[in-house]
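*Asks:* First the structure, which I've put down as structure tokens, then a few questions once you've had a look.
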Amino acid sequence: MATSEKLVITSNINGEERTFLADSRDSLLEALRERVNLKGVKEGCNNGNCGACAVILNGRLVNSCCVMAAEVEGATIETVEGLATPEGLAPLQQCFLEEAALQCGICTPGFLMSSTALLRENPAPTDDEVRFWLAGNLCRCTGYDKIILAVQAAAEQMRAPKK
Amino acid sequence: MVATPEKPAYKVIGTRPVRPDGVDKVTGRAAYGADVVLEGMLFGSILRAPHAHARIKRIDTSKALALPGVKAVVTNADFPAQESGTLDLGEGSANPKWLVDNVLAGDKTLYHGHAVAAVAATDWHIAEEALGLIEVEYEPLPFVIDVREAMLGTAPILHHDLRTNVRARGVDTPKDRETNIAMHMRIEKGDIAAGFAEADIVIEREFTTSQFHQGYIEPQNGTAYWNQDGQITVWTSTQGSFSVRDQMAALLAQPVAKIKVVPMEIGGGFGGKIPVYLEPVAAILSKKTGRPVKMWMPREAVFQATGPTSATWNRVKIGAKKDGTLVAADLELCYAAGAYPGSAVGAGVLCALAPYNLANQRIDGYDVVTNTPKTAAYRAPGAPASEYAVEAVVDEIARALDIDPMEMRLKNAPEEGTTGSTGAPWPRIGAKAVITAIKESPHYNSELQGEDVGRGVALGFWFNGGMESSSSAMVNPDGSISLILGSTDIGGTRASLAMQLAESLGVSYEDIKPQVVDTDSVGYTAVTGGSRTTFAGGWVAYELGQEIRKRLVERAARIWGVEPSAVTYGDNGVITGMDKDGKAQQFTFDEICKRLPSTGGHIAVSVTSRKNTTGPAYAGHIADVKVDRETGKVTVLRYTAVQDVGTAIHPAYVEGQIQGGAAQGIGMALQEEYWYDDQGRLRNGSFLDYRMPVANDLPPIEVILVEVPNPGHPYGVRGVGEAPIVPPMAAIRNALRDAIGVNFYHTPVTPTRILDELLPRE
Ligand code: FES
Ligand code: FES
């Protein structure tokens, strides 16, 4: 049994410096949800198999349930809560809504973070590339079709020259 | 989309607006059950049994209680004693005695992972640590996992008070003997002996299906607060808040007035989020500690202890004439209920032959307890296993007679007025329309290309549910309407119900503000399940609309000083008439709403209604597969799902339901199953080892919507969600036969099973 120790952790979360108290046994998922109260990070399995807890840590897509909170001192973390701006939803968020890419919505934050990471790396993926990249995210409701359409619609919008 | 000519021109129905809860769900703000935060909240955790079957000889909780931070430990003994009885759960029923013993085991644990004790502590790490300090002394008992073995007279017995007198085809349990058979049912129509005598060909096969899990991504959760005044509030992710309330009332021996259930957003259910697991435990822990207690289930426990579907064994014998006419069928269906009686074998029996107009039939069904988790409803509960077996045999008959499989199905299709297995005549149904749409589809008419590729088809049937729903609507002075719903929203029903209210009033979708509320704030509403919500809730929305129209007409009449009969409500929401001076007058919807406060007050209406005019759903799927002979891997190359949806209220959500159901069915066909070791322990309780389809396991799922409106619904709604999970197992199995010449009799057909068939031959 790991011993319990209180840790004071400071990291940049969604562009803001946040300092929080965590337990040394906390995963990043637990710390984000229960200590920082970012409940948009979802738990589906707590062992790296569903992607519901996906966040972007120092620019890399990770399953937050497989990272210890103790590792994120000084890190930069992006969660679903940071995608929208005061101007409105991010293109991926808007396209998920318009393409009906969610039913229950529990997988949606994870898919949005994975897709964000995908489109940063590959702004013009093929459908097969999208399916391959998103294979770490489980959705039990949609059969994935509309998610793929939404990601492609967002990719297209994001590629369009800014007016 | 294939539409029947009588479909009216709707303004809102058939459009694809964004759902009202959408923004919260893409920004992470939507609050699901596990997101509840209450001041002073404790965290609960559950200790689970390591054996398949064991007597609990002793539980010592003292060391756990002594751990700093632990506030309470509870066992079955902390629940009020329960008598046997029947409790209606909406999609099935339960005996409260069995329900409480499933929530926390009584004197025996009946499956690996059965809950034994629960802890509440100030932190979830402490609660977990405390579980390791609870001492339980078990006496392991002989166990039985397989449904056929469990039916034998020599099988280990789960419940010593269970008696079922059966004398049918090799099953012989006298009424005074202990048994694991909890129920036997038989339905018969016509004369099967005469039917088989007419047949030119008779095929009889035995099939087995594995246990499948609903696989919702959100684990079960529950938070409860037992207030000092005896009021109990429960926050949970559930398909039915009233069902949770009623189960809680029974298990805690409290009047329903003491219990309020607040439905949080729900991360998938598929039938599995109807029974309670954690909520009553959280309530008892809260009572003991005086603090709110939140619980959520680890994924492994979700697999071990929440309702999967039945493992089944089914024998199907069907006779046909040379021209393909089916003349007789004789079926035997054995469904494992898990640890407590109550599998979905009843629906399995009633659905098995529903895709066919078959004069002579007999179906025996058995509900059998086994040392596996108590099954729960799973999308078209009971139907996939029995229809899979029938669709496989029908395919073999078509092949033997060299008849096109869809042609043969069309020849035997039921239609309005023909009778189903119970002898009751069908209302208007879309079986023939679906079969025809398949025959005419681009997919069915395309060429298959390549080696080891094959095509299969199968039909699927589901009744669709009716039952009770309630809603209220408040008309606001700005012309908007607050729509208060009792149905929890799993996949877009706020939108589909708001659309039906908008249609009924001739206003726009954006004017309706739907909201799902707690059990103290709306009338009784049955579970979101059985594909009933858009049907039954839609009826209520329509009736609310009619009542609002009537009240607005009365108001206009009062303002104009005339009788209501002289005033008309137009389908565009404009009210017209003459005032008492004979002058033509009109109000738009917005104008009359603005006048409400000053002309007699606001309008609020409520409707509770129960309709049994459901419209059954028929589906047909086409699957193209390719088999890799080296690895046994099956690739689904192309997949098309055709379904009679009555009327597609929100076509994108209808397609989504069909795609999601098909994806789950493909998982059952090829890759999902429970694995037990020789000690009866579940070995694959994780998403890694219980392999649900991911995005690159699946092709795009093409959807063809057929719309044969249900005459029993104001907008022709049938219900959509469940039928699409029925055909895939057989469609893929039949495609595999086409691809590699092998008939499989077990599902899932994993790569190992494919190689088992291919290797000895090569
Ligand atoms: S919760 Fe982290 S991958 Fe499932
Ligand atoms: S929308 Fe429910 S799991 Fe993806």
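*Asks:* Identify the residue in the stretch B:202-219 that is more than 15 Å from ligand 2 (Cβ to nearest atom) and either at the interface with another protein chain (Cβ under 10 Å from one of its Cβ atoms) or open to solvent by less than 30 Å² (accessible area, probe 1.4 Å) (or both) and, among all such residues, is nearest to B:Pro263 (Cα to Cα). Step through it out loud before you land on a result.
*Replies:* So in the stretch B:202-219, the residues more than 15 Å from ligand 2 (Cβ to nearest atom) come out as B:202-212.
Keeping just the survivors that are either at the interface with another protein chain (Cβ under 10 Å from one of its Cβ atoms) or open to solvent by less than 30 Å² (accessible area, probe 1.4 Å) (or both) gives B:203, B:207, B:209-212.
On the way: B:Ile203: 49, B:Phe207: 40, B:Thr209: 34, B:Ser210: 32, B:Gln211: 29, B:Phe212: 26 Å.
Going through the qualifying residues, I end up with B:Phe212.
*Asks:* Right, here's the next one. Of everything in the stretch B:665-690, what is in contact with a Leu (Cβ under 9 Å, 6 or more places away or on another chain) and without any contact (Cβ under 8 Å) to a residue 40 or more places away in the chain? Give them in sequence order.
*Replies:* Answer for the stretch B:665-690, where residues must be in contact with a Leu (Cβ under 9 Å, 6 or more places away or on another chain) and without any contact (Cβ under 8 Å) to a residue 40 or more places away in the chain: just B:Trp675.
*Asks:* If I ask for residues that are without any contact (Cβ under 8 Å) to a residue 24 or more places away in the chain and either of a type outside the set (S, T, N, Q) or part of a helix (DSSP H, G or I) (or both), which ones from the stretch B:570-614 would you list? Write out each step before concluding.
*Replies:* To start, the set of residues in the stretch B:570-614 that are without any contact (Cβ under 8 Å) to a residue 24 or more places away in the chain comprises B:575-584, B:586, B:588, B:591, B:598, B:601.
The answer is B:Ile575, B:Gly577, B:Met578, B:Asp579, B:Lys580, B:Asp581, B:Gly582, B:Lys583, B:Ala584, B:Glu591, B:Ser598, B:Gly601.
*Asks:* Moving to a separate point now. Condition first: in contact (Cβ under 8 Å) with a residue 12 or more places away in the chain and open to solvent by 20 Å² or more (accessible area, probe 1.4 Å). Now tell me which residues in the stretch B:691-708 satisfy that. Even if it seems obvious, please write down each step before you answer.
*Replies:* So the first thing to find is which residues in the stretch B:691-708 are in contact (Cβ under 8 Å) with a residue 12 or more places away in the chain, and the list is B:691-693, B:697-708.
Scanning the stretch B:691-708 gives B:Arg691, B:Asp697, B:Pro700, B:Glu702, B:Val703, B:Ile704.
*Asks:* Would you confirm whether any residue within the stretch A:124-141 is of a type in the set (Ser, Thr, Tyr) and part of a helix (DSSP H, G or I)? Can you show your working first?
*Replies:* Pass one, the stretch A:124-141, residues of a type in the set (Ser, Thr, Tyr): A:126.
From the residues that got through so far, the ones that are part of a helix (DSSP H, G or I) too are none.
Checked the stretch A:124-141: no residue is of a type in the set (Ser, Thr, Tyr) and part of a helix (DSSP H, G or I).
*Asks:* Do you know which of the residues in the stretch B:668-681 that are among the charged types (D, E, K, R) and more than 13 Å from chain A (Cβ to nearest Cβ) is surrounded by the most Cβ atoms within 10 Å (Cβ to Cβ)? Please lay out each step first, then the result.
*Replies:* To start, the set of residues in the stretch B:668-681 that are among the charged types (D, E, K, R) comprises B:672-673, B:677-678, B:681.
Now restrict to residues that are more than 13 Å from chain A (Cβ to nearest Cβ): B:673, B:677-678, B:681.
Working: B:Glu673: 21, B:Asp677: 11, B:Asp678: 7, B:Arg681: 18.
It comes out as B:Glu673.
*Asks:* Tell me which residues, restricted to the stretch A:1-18, are outside any strand (DSSP E or B) and at pLDDT 95 or above. Give the steps one after another, and end with the answer.
*Replies:* The first filter runs over the stretch A:1-18 and keeps only residues outside any strand (DSSP E or B), leaving A:1-5, A:14-15.
Scanning the stretch A:1-18 gives A:Asn14, A:Gly15.
*Asks:* Have a look at B:Trp539, B:Trp560 and point out the one that is out of contact with any Phe, Trp or Tyr (no Cβ under 6 Å at 6 or more places or on another chain) and under 30 Å from B:Ile259 (Cα atoms).
*Replies:* B:Trp539
*Asks:* Scan the stretch A:132-144 residue by residue and report those that are within 7 Å of chain B (Cβ to nearest Cβ) and open to solvent by 20 Å² or more (accessible area, probe 1.4 Å).
*Replies:* A:Phe132, A:Ala135, listed by residue number.
*Asks:* Another question, then. Give the residues of the stretch B:545-566 that are surrounded by 14 or more Cβ atoms within 10 Å (Cβ to Cβ), over 29 Å from B:Ser470 (Cβ atoms) and not small (Gly, Ala, Ser), sorted by residue number.
*Replies:* Residues satisfying the conditions are B:Ile559, B:Trp560, B:Val562.
*Asks:* If you check B:Gly665 against the conditions, is it more than 9 Å from chain A (Cβ to nearest Cβ), open to solvent by less than 30 Å² (accessible area, probe 1.4 Å) and at positive phi?
*Replies:* On the way: more than 9 Å from chain A (Cβ to nearest Cβ): yes; open to solvent by less than 30 Å² (accessible area, probe 1.4 Å): yes; at positive phi: no.
Criteria not met by B:Gly665.
*Asks:* Go over the candidates A:Ala84, A:Ala124, A:Ala101, A:Ala154 one by one and state the one that is more than 16 Å from ligand 1 (Cβ to nearest atom) and in contact with a Cys (Cβ under 7 Å, 6 or more places away or on another chain). Don't jump to the end; show me each part of the working.
*Replies:* Working: A:Ala84 fails: in contact with a Cys (Cβ under 7 Å, 6 or more places away or on another chain); A:Ala124 fails: in contact with a Cys (Cβ under 7 Å, 6 or more places away or on another chain); A:Ala101 fails: in contact with a Cys (Cβ under 7 Å, 6 or more places away or on another chain).
The unique qualifying residue is A:Ala154.
*Asks:* Quick one: which residue in B:Thr519, B:Thr528, B:Thr534 is in a loop (DSSP other than H, G, I, E, B), among the hydroxyl-bearing types (Ser, Thr, Tyr) and at pLDDT below 95? Lay out the reasoning, then the answer.
*Replies:* Numbers: B:Thr519 fails: at pLDDT below 95; B:Thr534 fails: in a loop (DSSP other than H, G, I, E, B).
Answer to the selection: B:Thr528.
*Asks:* Checking the condition modelled with pLDDT of 95 or more and more than 32 Å from the chain's Cα centre (by Cα), which residue from B:Ile59, B:Ile46, B:Ile13 passes? It would help to see each step written out before you state the result.
*Replies:* Working: B:Ile46 fails: more than 32 Å from the chain's Cα centre (by Cα); B:Ile13 fails: more than 32 Å from the chain's Cα centre (by Cα).
Criteria check complete, one pass: B:Ile59.
*Asks:* Failed condition for A:Glu156, given (1) within 11 Å of chain B (Cβ to nearest Cβ); (2) more than 16 Å from ligand 2 (Cβ to nearest atom), with all others met?
*Replies:* (1)
*Asks:* Of all residues being open to solvent by 10 Å² or more (accessible area, probe 1.4 Å) and more than 14 Å from every other protein chain (Cβ to nearest Cβ) in the stretch B:230-242, which is farthest from ligand 2 (Cβ to nearest atom)? Just the residue, please.
*Replies:* Among those residues, the one meeting the criterion is B:Gly230.
*Asks:* Of these, A:Cys139, A:Cys107, which one is under 19 Å from B:Gly660 (Cα atoms), within 16 Å of ligand 1 (Cβ to nearest atom), over 12 Å from the mean Cα position of the chain (by Cα) and at pLDDT 95 or above? Walk me through it before giving the result.
*Replies:* Working: A:Cys107 fails: over 12 Å from the mean Cα position of the chain (by Cα).
The unique qualifying residue is A:Cys139.
*Asks:* Of all residues being among the aliphatic types (A, V, I, L, M) and open to solvent by 10 Å² or more (accessible area, probe 1.4 Å) in the stretch A:17-69, which is farthest from ligand 1 (Cβ to nearest atom)? Just the residue, please. Give the derivation first.
*Replies:* So the first thing to find is which residues in the stretch A:17-69 are among the aliphatic types (A, V, I, L, M), and the list is A:21-22, A:28-29, A:31-32, A:36, A:38, A:41, A:52, A:54-57, A:61-62, A:67-69.
Filter once more, so that each one left must be open to solvent by 10 Å² or more (accessible area, probe 1.4 Å): A:21, A:36, A:38, A:57, A:61-62, A:67-68.
Working: A:Leu21: 22, A:Val36: 16, A:Leu38: 14, A:Leu57: 13, A:Leu61: 11, A:Val62: 9, A:Val67: 9, A:Met68: 13 Å.
So the residue we want is A:Leu21.
*Asks:* Tell me, please, whether a residue that is away from chain A (no Cβ under 14 Å), over 25 Å from B:Gly538 (Cβ atoms), part of a loop (DSSP other than H, G, I, E, B) and modelled with pLDDT of 95 or more can be found in the stretch B:682-704.
*Replies:* yes
*Asks:* So A:Ala160 clears everything in (1) touching a residue at least 60 places away in the same chain (Cβ under 8 Å); (2) more than 16 Å from ligand 1 (Cβ to nearest atom); (3) out of contact with any helix residue (DSSP H, G or I) (no Cβ under 8 Å at 6 or more places or on another chain) except one condition, right? Which one?
*Replies:* (1)
*Asks:* Residue pairs, Cβ under 9 Å, 6 or more apart or interchain, first in the stretch B:140-151 and of a type in the set (Val, Ile, Thr), second open to solvent by 70 Å² or more (accessible area, probe 1.4 Å). List them.
*Replies:* Hits for this filter: B:Val144/B:Leu152.
The values are calculated or read from the model by the stated rules, or taken from the named source; none is laboratory data. Since the structure is predicted, the reported quantities are computational estimates derived from the model, not experimental observations. Using ideal geometry, Cβ is built from the backbone for each residue, glycine included, and neighbour counts are taken over all protein chains shown. Please note that ligands, DNA and RNA were not included when accessible areas were found on the heavy atoms of the full protein model with its side chains. Shrake-Rupley method; radii C 1.70, N 1.55, O 1.52, S 1.80 Å.
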